[in-house]
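Reviewing the structure listed below.
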Amino acid sequence: MRRTTSRILRGIALVSTLALGATACGSSDDDSDTKAVSAADIKAALDKGGSITVWAWEPTLKTVAADFQKKYPKVKVNLVSERSGDKHYTALSNAISAGKGVPDVAQVEYFALGQYSLTKGLTNLAPYGADKLASKYTPGPWNAVSDGDKVYGLPMDSGPMALFYNKKVFDKYKIAVPTTWDEYLDAARKLHKADPKVYIANDAGDAGFTTSMLWQAGSRPYKVDGTKVGINFDDAGAKKFETVWQKLIDEKLLAPINGWTDDWYKGLGDGSIATLASGAWMPANFETGVPGAKGQWRAAPLPAWTKGDKASAENGGSSLTVPELAKNKELAYAFTEYANSGAGVATRVSEGAFPATKAQLEDPAFQSKKFDYFDGQEANKIFAESAANVASDWSYLPFQQYANSIFNDTVGKAYVSSTTLADGLKAWQDASVKYGEEQGFTIEK
């Protein structure tokens, strides 16, 4: 396995700049040499003090770091928050590969965790007590950070999906809020017929959105067992998604606008984009990015593929991890647990973060929070129910970041040409298989 892993590392470094750790060759395959770290050991480290460096862009961690330092005055937290996305992962991967400059704590999104844990870039936190925290979290996030009896991070937030809709637009055209995706298609047709400038949603092709929709539909395209990987988009769940979304594309019922662009914010603000299926972290972005539409939008449960089904999916979310080359692991774990399982959770939620912890999600005060932006709606009740109905058996590829990078060259063609979604997904599958084989993964046929 070590030889295969080294080959994987070289390939990833060459093709997608993800040099995921020369340390893989020197690590044990089962982490059996990791000694248990007791609560007393961690307390002793906190009493002794020291400094840790945290690489994370999540804004609420600034307050959490300040509070942690007040509670443990001998500990200094150096928070580096300037990078996010690809720049963050490139810097992290390069530091791990070089064996220097590695942070003690690193934010890693759920979809990217596999590529670091596979190559031994992250510390297994189970010996520190993280495995005892499983019951604190909702199924989706915990499944993302754990692998059997190993735990490679603690969930920081989650993105259970909901349907955000412009009530003003739906009321204007007397259209009911859809509860199934078939009803959603009908609503799209009615809206666009009533006003050709109004679209049910925007979608120009997005890997994260597509995988979340497949997740909810019951598709399980990825099977991962270490370096053994299966990739197959030809299942019943994928066909459910393809059938509805192909009609939306063919009938030109989707605004050809990418998310997080000026045109997207404009469409959300002027009513020309009438819905958005997204994660529960979205409300804060409405408030800052579309302030003029305050009071017009509401949240609703994600439409079902089969009427009455409550299955949901995650869209986004991150963990805090402790890299294998961290210099002060006891302090790093103490901060991670404080931020994601301890007092830091309430602080983060109070500043707008959406939790992955059951205690917060089930708290009546959390669920009864009135959102001014949604005209007083208690939207957290919808989000909490969604979180409880996320299936926990979803897997991402250990090279998901690369797979996502080629989405527009494969599935994306379905939005701008005669290529069908089914053909686009098959092309994505084939390209991902080819890449995986080139990097030394064993691809199950």
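Just one of the listed residues (ALA414, ALA388) is among the aliphatic types (A, V, I, L, M) and open to solvent by 40 Å² or more (accessible area, probe 1.4 Å), and it is ALA388. Scanning segment 386-415 for residues that are over 30 Å from THR179 (Cβ atoms), touching a residue at least 40 places away in the same chain (Cβ under 8 Å) and among the hydrophobic types (A, V, I, L, M, F, W, C) gives LEU397, PHE399, ALA403. Evaluated against (1) among the small types (Gly, Ala, Ser); (2) within 16 Å of TYR199 (Cβ to Cβ); (3) surrounded by fewer than 19 Cβ atoms within 10 Å (Cβ to Cβ), GLY148 falls short on exactly one condition, (2). Residues that are over 22 Å from the mean Cα position of the chain (by Cα) and not aromatic (Phe, Trp, Tyr) within segment 374-408 comprise ASP375, GLY376, GLN377, GLU378, listed in sequence order.
In segment 196-207, the count of residues that are open to solvent by less than 30 Å² (accessible area, probe 1.4 Å), in a strand (DSSP E or B) and out of contact with any His (no Cβ under 9 Å at 6 or more places or on another chain) is one or more. Which of the residues belonging to segment 417-445 are under 30 Å from LEU253 (Cα atoms) and open to solvent by 20 Å² or more (accessible area, probe 1.4 Å)? Once the filter is applied, which keeps residues that are under 30 Å from LEU253 (Cα atoms) and open to solvent by 20 Å² or more (accessible area, probe 1.4 Å), segment 417-445 yields SER417, SER418, THR419, THR420, ALA422, ASP423, LYS426, ALA427, GLN429, ASP430, ALA431. Out of the residues in segment 126-137 meeting the condition of being in contact with a Lys or Arg (Cβ under 8 Å, 6 or more places away or on another chain) and surrounded by 24 or more Cβ atoms within 10 Å (Cβ to Cβ), tell me which one is nearest to PHE399 (Cα to Cα). Here the answer is TYR137. Here ALA304, ALA280, ALA284 are screened, and the one residue that is assigned by the TED database to the domain that holds GLN246 and open to solvent by 10 Å² or more (accessible area, probe 1.4 Å) is ALA284.
For segment 313-350, filtered to residues that are surrounded by fewer than 24 Cβ atoms within 10 Å (Cβ to Cβ) and among the hydroxyl-bearing types (Ser, Thr, Tyr), the residue that is farthest from TYR152 (Cα to Cα) is SER350. Within segment 360-371, is even one residue crowded, with 21+ Cβ neighbours inside 10 Å and either at pLDDT below 95 or under 27 Å from ALA95 (Cβ atoms) (or both)? Checked segment 360-371: no residue is crowded, with 21+ Cβ neighbours inside 10 Å and either at pLDDT below 95 or under 27 Å from ALA95 (Cβ atoms) (or both).
Taking the criterion of being farther than 16 Å from PHE209 by Cβ and within 23 Å of the chain's Cα centre (by Cα), the residues of segment 409-445 that qualify are ASP409, GLN429, ALA431, SER432, VAL433, TYR435, GLY436. Restricted to segment 231-279, and to residues there that are of a type in the set (Ser, Thr, Tyr) and in contact (Cβ under 8 Å) with a residue 12 or more places away in the chain, the residue that is farthest from ALA313 (Cα to Cα) is SER272. Is there a residue in segment 135-147 that is of a type outside the set (S, T, N, Q) and without any contact (Cβ under 8 Å) to a residue 40 or more places away in the chain? Yes, there is a match, as at least one residue in segment 135-147 is of a type outside the set (S, T, N, Q) and without any contact (Cβ under 8 Å) to a residue 40 or more places away in the chain.
Every listed requirement among (1) open to solvent by less than 20 Å² (accessible area, probe 1.4 Å); (2) in a loop (DSSP other than H, G, I, E, B); (3) at pLDDT 50 or above is met by LEU18 save one, (3). Scan segment 218-233 and give yes if some residue there is of a type in the set (A, V, I, L, M, F, W, C), open to solvent by 20 Å² or more (accessible area, probe 1.4 Å), in contact with a helix residue (DSSP H, G or I) (Cβ under 8 Å, 6 or more places away or on another chain) and assigned to a strand (DSSP E or B), otherwise no. Yes; the residues of segment 218-233 include at least one that is of a type in the set (A, V, I, L, M, F, W, C), open to solvent by 20 Å² or more (accessible area, probe 1.4 Å), in contact with a helix residue (DSSP H, G or I) (Cβ under 8 Å, 6 or more places away or on another chain) and assigned to a strand (DSSP E or B).
The values are calculated or read from the model by the stated rules, or taken from the named source; none is laboratory data. What you see is a predicted model, and the numbers here were worked out from it, not measured in a lab. As a convention, Cβ positions derive from the backbone with ideal geometry for all residues, glycine included, and neighbour counts pool all protein chains shown. For the accessible areas, the whole protein counts, side chains as well, though only heavy atoms, and no ligand, DNA or RNA atoms are used. Shrake-Rupley method; radii C 1.70, N 1.55, O 1.52, S 1.80 Å.
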